[in-house]
Amino acid sequence: MPVRRHPFLGAFGGILVGLGIGLLFVMFEFTPADAWTIIASIAFFGIMGFVYALLMPPPSVPRS
Amino acid sequence: MAAALILASPVAAFDLTDCRLILQSFDADSEPLDTAVGDPGGGEGGTRADPFRVDYDGTVRYEGDTGEQPITNLSWSVDVFLIPTPFRGAGANEEQETSAEGEIDVSSAMPIKITGLFFVSGEVTGDERACRGSLWLRLVDDPPASPPTTIPFWIALLIIALGLVVLWQARPGLVLPVREVR
């Protein structure tokens with residue numbers, strides 16, 4: 001059965017998560033990647049979202 | 001104005017290339033808060049361990065110079081965490097000015113109050129010269145507020161929640177065959 005995937009939507013979702021976490025890093029003064037903290041957070045979660053949507057196994061086939 | 005924006009690559013000190021910049025911050029009552037000096041020798045303050053403290057309701061006074069040589073046909077820009085900001089511009093500097101000073105109202109320069117630790121970098125580039133630098137800046141509030149009591153904290157959580165909803169929508173799905181109804 002064909003599987004419909006949404007990698008770019010996944011990347012977008014990941015970017016949003018990364019942006020939110022990056023903002024929290026700033027507020028809590030936690031800068032694990034120095035000057036790259038925000039960009040690294042957005043890039044990391046964006047790639048994670050892309051990979052998640054691209055590689056995650058689909059739900060099992062419903063039994064009729 | 002351009003001299004205030006001579007702030008580039010991550011460094012351990014308030015290091016500037018080919019120019020000098022003195023920053024002084026004042027709180028809402030115009031009381032001095034902090035000072036940072038940037039110069040080619042490494043400067044003082046503005047490091048991650050000793051960030052330049054700025055009051056959101058206060059001001060920042062700047063005083064910068066480029067030595068004896070002016071920077072002509074210049075363009076300047078300021079980045080926050082290496083992300084470009086609308087703070088950028090250009091000018092001919094026909095008067096051959098080598099120094100500039102002025103004051104920045106923090107709340108009007110930053111419409112959303114997000115307190116915390118920021119990496120600010122910038123540059124002024126001209127025909128033959130360029131001045132680049134960066135510093136760490138701690139934006140504080142008076143009285144100090146812990147992040148969970150501020151609106152930006154909840155906006156950040158909302159953005160994360162929205163991202164998780166989008167991720168849920170992005171999960172793989174099966175394309176089920178269409179059955180004809182008789």
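Please enumerate the residues belonging to the stretch A:26-51 that are within 8 Å of chain B (Cβ to nearest Cβ), assigned to a helix (DSSP H, G or I) and open to solvent by less than 70 Å² (accessible area, probe 1.4 Å). If the condition is that a residue be within 8 Å of chain B (Cβ to nearest Cβ), assigned to a helix (DSSP H, G or I) and open to solvent by less than 70 Å² (accessible area, probe 1.4 Å), then A:Val26, A:Met27, A:Asp34, A:Ala35, A:Thr37, A:Ile38, A:Ile39, A:Phe45, A:Gly49 are the ones that fit. Among the residues of the stretch B:68-86, those that are away from chain A (no Cβ under 14 Å) and assigned to a strand (DSSP E or B) comprise B:Leu74, B:Ser75, B:Trp76, B:Ser77, B:Pro86.
Out of B:Gly89, B:Gly102, report the one residue that is over 27 Å from B:Arg48 (Cβ atoms), open to solvent by less than 30 Å² (accessible area, probe 1.4 Å) and part of a strand (DSSP E or B). Outline the logic, then answer.
Numbers: B:Gly102 fails: over 27 Å from B:Arg48 (Cβ atoms).
Result of the check over B:Gly89, B:Gly102: B:Gly89.
Looking only at residues in the stretch A:52-64 that are part of a helix (DSSP H, G or I) and touching a Pro at 6+ places or on another chain (Cβ under 7 Å), the one that is nearest to the other protein chains (Cβ to nearest Cβ) is A:Ala53. From the list B:Trp136, B:Trp154, the lone residue that is part of a strand (DSSP E or B) and either under 23 Å from B:Ile112 (Cβ atoms) or within 7 Å of chain A (Cβ to nearest Cβ) (or both) is B:Trp136.
The values are calculated or read from the model by the stated rules, or taken from the named source; none is laboratory data. None of the values given here were measured: they were computed from a predicted structure. Reconstructed Cβ throughout: ideal geometry from the backbone, glycine too, with neighbour counts over all protein chains shown. Heads up: the accessible areas ignore ligands, DNA and RNA and are worked out on the full protein's heavy atoms, side chains in. Shrake-Rupley method; radii C 1.70, N 1.55, O 1.52, S 1.80 Å.
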